[in-house]
Every structure is written in C-alpha cells, then in structure tokens.
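Taking it in order: structure first as structure tokens, then the write-up.
Please treat every number below as a calculation from the coordinates, not as lab data. Small disclaimer: the values here were computed from a predicted structure and weren't measured. Counting neighbours? That spans all protein chains shown, and the Cβs are built from the backbone with ideal geometry, glycine included.
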Amino acid sequence: MDGAAVTAVRGGLPAAGTDVPPLERTMDRVSMVAYAGATWDWHRMHHDDTWAAERGLPAPVVDGQVFGALLAEQLLDWLGPNARLTALRFRFRGLVFAGERVRCTGRVTAVQGDTVTVEQEVVVLGADGAPERVAVGPAGATVVVGRPV
C-alpha cells in the first residue's frame, strides 16, 4: 500500500467519493493451489490443465471465493488494523484463468459515524495493463472503523 493511502485514512475516515487504492494480483498457480488447500476445494477446474482444455478453457479457472478475499484485503489493508468488515457482497460476471492479472477498484459511497460503505469491482487486465473485462461486479462492502485502544 502506498504512503498516500495510509495518510488519507490515518487522519480520520475517508469521505464519500474517495477512491480506494487499487489492489492488483496475478492469479498464479502456486497461489491457486494454496487457496484450494486452505478451502478444501480440490475441483479439477482449479488446477488441471488437461481438464480445462477438454472443456475448451484456456487454463484452469480461479476459484470464485478468491475474489471475496481480495476485495476484503483491499479494504482492510487500506483502512488499517482497527477496521472490521461487517458485510461483503459480489456478483460474478466472467471467469478468470490461471496466469491472468486482476485489479480490484473501489469508491467510498457513504460514511455514517464509524461505518464506511464502498462499491467495488474486479477487472481482468490485458497484457498492456488496461482493463480487458469485468470479472466481478457489482461488489461492495461495509466496514466499521474502530478507534485504537
């Protein structure tokens, strides 16, 4: 996370309209297999090239639960250790395959008391780094930012 993002939140809660610092991640095989082990989801679609090719897919499919984890990570890393995710929602729009790079983006839509509401999206990036297609959206979360003890 860059220093500007930390500074923006350290002084208080972000204002409505504030962009959440993007989170980018390449969906590499090692991470995909580690996630499968952590969630006990060993379906062949998430790790087997032959299985994917036989179904006309370019590579194994990233487990959809990963995107919930990335969206949560994006917000909690930004808002800090006193932030608690109280709600998360997301809708799948397209498959993401092993080796692809994704970017999570977001914007604060409301702040009420210590509660921050954010709308988010996950896009797949092309080789040039530009968004190629939407993978997850709409998405959003509610985060309560407590005070340090």
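Binning the C-alpha pair distances of the stretch 88-145 at 5 Å intervals from 0 yields a P(r) profile of 5, 19, 24, 19, 14, 10, 7, 2, 0 %, listed from the shortest bin outward. For the chain, hydrophobic long helices are taken as DSSP H runs at least 20 Å long by C-alpha position along their axis with mean Kyte-Doolittle hydropathy of 0.0 or more; these are 65-79. Distance between the 7 Å Cα→Cβ label points at Leu125 and Thr26: 1.0 nm.
Calculated [222 nm] ellipticity per residue, helices only, for the chain: -8000 deg cm²/dmol; basis is -39500 (n - 2.57) per DSSP H run with n ≥ 4, divided by all residues, nearest 500. Taken over the stretch 1-141, the convex hull of the Cα atoms encloses 118 Å³ per residue.
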